[in-house]
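Below: one structure, written as structure tokens.
The values are calculated or read from the model by the stated rules, or taken from the named source; none is laboratory data. Because the structure is predicted, anything quoted here is derived from the model rather than measured. Cβ placement follows ideal geometry from the backbone for every residue including glycine, while neighbour counts extend to all protein chains displayed. When the accessible area is computed, the model is the full protein with side chains, heavy atoms only, and any ligands, DNA or RNA have been set aside. Shrake-Rupley method; radii C 1.70, N 1.55, O 1.52, S 1.80 Å.
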Amino acid sequence: QVYLKESGGGLVQSGGSLRLSCAASGINFKIYTMAWYRQAPGKERELVANITSSGQTSYAESVQGRLDVSRNNARNTVTLQMNSLKPNDTAVYYCKCRAYGRDWWGQGTQVTVSG
């Protein structure tokens, strides 16, 4: 079984910062690509950031330059540093990996950015 658990969400003002973390178990973490998604009420879930096993990163255009994804393989964690937050960043943020032929998701953590 694969377990992912996000933490670090909360309420921040526009322009503020948050650091989200995802802790993984049940996989050889260091060989898997990890991703962050988000979903706002009434909207489709979207890919926000991606980090490969080799550390290559990619980002959605909407967050480019404001978010930074990293991983700590010794701790089996992936982190999303979020800066210059905007109200439309408000969403539930999910950690995801693909392993054993399926997608595995965390429970999500709420991020709310006030105007």
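Tabulated data
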read-out	value
Share of carbon and sulfur in the accessible heavy-atom surface of the chain [1.4 Å probe, %]	45
Qualifying GluC sites (Glu not before Pro) in the stretch 1-93, DSSP loop, other Cβ atoms within 10 Å at most 13	Glu44
Solvent-accessible area per residue for the chain (1.4 angstrom probe, square angstrom)	53
Any cysteine of the chain lacking a neighbouring Cys Cβ under 4.7 Å - listed by number	Cys97
Extension gain from Asp68 to Asn28, taking 0.36 nm per residue of separation minus the Cα-Cα distance	12.1 nm
Over the chain, equivalent-ellipsoid semi-axes from the Cα gyration tensor in Å	23, 14, 13
Loop-resident sites, the stretch 1-106, for trypsin sites (Lys or Arg not before Pro), counting at most 15 other Cβ within 10 Å (DSSP)	Lys43, Arg45, Arg66, Arg75
For the chain: relative contact order, % (alpha-carbon pairs under 8 angstrom, 6 or more apart)	36
Distance between the stretch 56-109 and the stretch 25-48 - C-alpha centres, whole angstrom	6
